[in-house]
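Read through the structure below, which is laid out as structure tokens, and then see the notes.
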Amino acid sequence: MRKKSKRTRGIEEAHPFSGMSRIHPNAAGVDIGAVEIVACVSGDEATQIVKAFGNYTVDLRALGEWLRQYGIRTVAMESTGVYWIPLFEELERQGFECLLISSRSLRRVSGKKSDITDAQWIQTLHTYGLLEGSFRPQADLVALRTMLRHRSQLLEHRAPHILHMQKALLQMNIQLSQALSDMMGETGRAMIRAIVAGERSRKVLAGFRDPGCKHSEEEIEKALTGTWREEHLFVLKQSLELYDFYTGQIESCDAEVERMYGLIRPEWEAGELPPIPKKKQNSHSKNAPKNVREIRKHLKRINGVDLSVVDGFGVSLAQTVTMEIGSDVGDKFPSEKHFCSWLGLAPKHEISGGKVLKNKTLKTKNRAGQAFRMAAQSVKKADCPFGMLYRRLRSRLGPAQATVATAHAIARVVYRMLKYKVEYDPLSVNEYQKQYEEQQVKYMRKKAAKFGFQLIPA
């Protein structure tokens, strides 16, 4: 068959899956690039028609009109960088059902690599129901998710300037990092601002000590004895200015997030907030938003439950999990196993000929999965069932696998909370220990019966 020019892209080729039944007969496949978008639809008599479009807004609208001419109802596209977002939102606005495909689903397909063949493969696989769409939360949460991801990036940008300040002080032999448990706490910030303002008196600087500080003023005075070199003071000054700049940006972002919370499902009622457990009342994070109670109310209103009281969770992690997975996990994931697999917290089994080839947890960039891993890390020393589970598994499997297993257990609890709308009701440590012992006894009795023995209590 004669191939038409690359610019026209009007290509008709024989269909490679002519013997299979079509699941989505009105389907299109789209390959998205930085400069050009290639769309493929079904033609007459098992042929495919391919056409190229630009990436301007007028081109995206023209693409939608072209798809409508062929009676297209559902469109599959690969999630390439951020280039897919404008097209996805435009096609959804025009009423198309959009399916976002991960690149992992397409790597298994053989064939020559080009924009045209990619679009044809996507269209073919989608037509015959061989593609599974990537998860995306509800549309009203996507904007808030973008803001929270931006806030995380601001925190990452601010962190190096703290290290720059610490380095500048150490180069002048100002040992604040030894005298203060948190150099960027209230005491440390006050001292650094006074140093940048020109204060050199050790006694005056030590007077900024907070009453709750562990070290005495005399010890802090010793730590403040340094060289006060001009070049290091200049670096300290600029690093502090950059730290303050990003702090202001984070506060502005928090204000915008608070405003956007009010626009999401305002008709829903939050109800009464469950009390924060005593062991979590004094826990706080410098990076957490200041209006914690208001955010808890918003999250309770959106989810129907308060995730911030879960062991290992705080307001920040509860926000991240809510915006990454949405509140309708019961509709998106049929079971806890599907949910944990999507999070990257379940091992992937590869079996051939009845033999297990691989049984490892795959590496993933899933932000929700990373949040659950952080929750597992935060409970490894905690006096709670999740902490006991982590420590028990760490002695047998090691810290890495114990973290994944604990994150898996936390994720199952969160799934049940969101699906059945029940508040967190943790077991006490004694109840957990008793339950664990009963499970062990049950297992030992079953094992003994298998070999014809019977356990007799001592």
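The values are calculated or read from the model by the stated rules, or taken from the named source; none is laboratory data. Please read these numbers as outputs of a predicted model, since none were measured by experiment. Because the Cβ atoms are built from the backbone with ideal geometry, glycine has one as well, and the counts that use them run over all protein chains shown.
What about ALA318, is it closer than 26 Å to TYR432 by Cβ and of a type in the set (Gly, Ala, Ser)? In short, yes. Take SER239 and decide whether it is of a type outside the set (A, V, I, L, M, F, W, C) and free of Cβ contacts under 8 Å to residues at least 12 places away in the same chain. No, not satisfied. Taking helices (runs of 4 or more DSSP H) as the structural unit, those lying wholly within the stretch 98-193 and holding at least 2 residues that are under 22 Å from HIS215 (Cα atoms) correspond to 139-171, 176-179.
Taking the listed residues GLU324, GLU294, the one that is among the charged types (D, E, K, R), under 21 Å from GLY344 (Cβ atoms), touching a helix residue (DSSP H, G or I) at 6+ places or on another chain (Cβ under 9 Å) and not in a loop (DSSP other than H, G, I, E, B) is GLU324, with no other qualifying. Scanning the stretch 93-105 for residues that are closer than 17 Å to HIS126 by Cα and either not assigned by TED's automatic domain parsing to the domain that holds ALA39 or not hydrophobic (A, V, I, L, M, F, W, C) (or both) returns GLU97, SER102, SER103, ARG104, SER105. The condition (being within 30 Å of PHE135 (Cα to Cα), touching a residue at least 12 places away in the same chain (Cβ under 8 Å) and over 18 Å from the mean Cα position of the chain (by Cα)) is satisfied by just one residue among ARG229, ARG301, ARG259: ARG301. Just a yes or no: is a residue in the stretch 330-339 crowded, with 21+ Cβ neighbours inside 10 Å and modelled with pLDDT of 90 or more? Yes; the residues of the stretch 330-339 include at least one that is crowded, with 21+ Cβ neighbours inside 10 Å and modelled with pLDDT of 90 or more.
Of the helices (runs of 4 or more DSSP H) lying entirely inside the stretch 375-458, those containing at least 1 residues that are out of contact with any Phe, Trp or Tyr (no Cβ under 6 Å at 6 or more places or on another chain), touching a residue at least 60 places away in the same chain (Cβ under 8 Å) and assigned by TED's automatic domain parsing to the domain that holds GLU336 are 385-397, 399-420. For SER308, the conditions (1) over 24 Å from ILE410 (Cα atoms); (2) outside the structural domain of MET184 (by TED's automatic domain parsing); (3) in contact with a helix residue (DSSP H, G or I) (Cβ under 9 Å, 6 or more places away or on another chain) all hold with the exception of (1). Contact annotation: residue pairs with Cβ atoms under 8 Å, 6 or more positions apart or on different chains, pairing a residue in the stretch 115-128 that is farther than 10 Å from HIS24 by Cβ with a partner that is at pLDDT below 85 and among the basic types (Lys, Arg), are ILE116/ARG9.
Looking at GLU218, is it surrounded by fewer than 15 Cβ atoms within 10 Å (Cβ to Cβ), more than 30 Å from HIS150 (Cα to Cα) and among the charged types (D, E, K, R)? Yes; evaluated as a whole, the condition is true for this residue.
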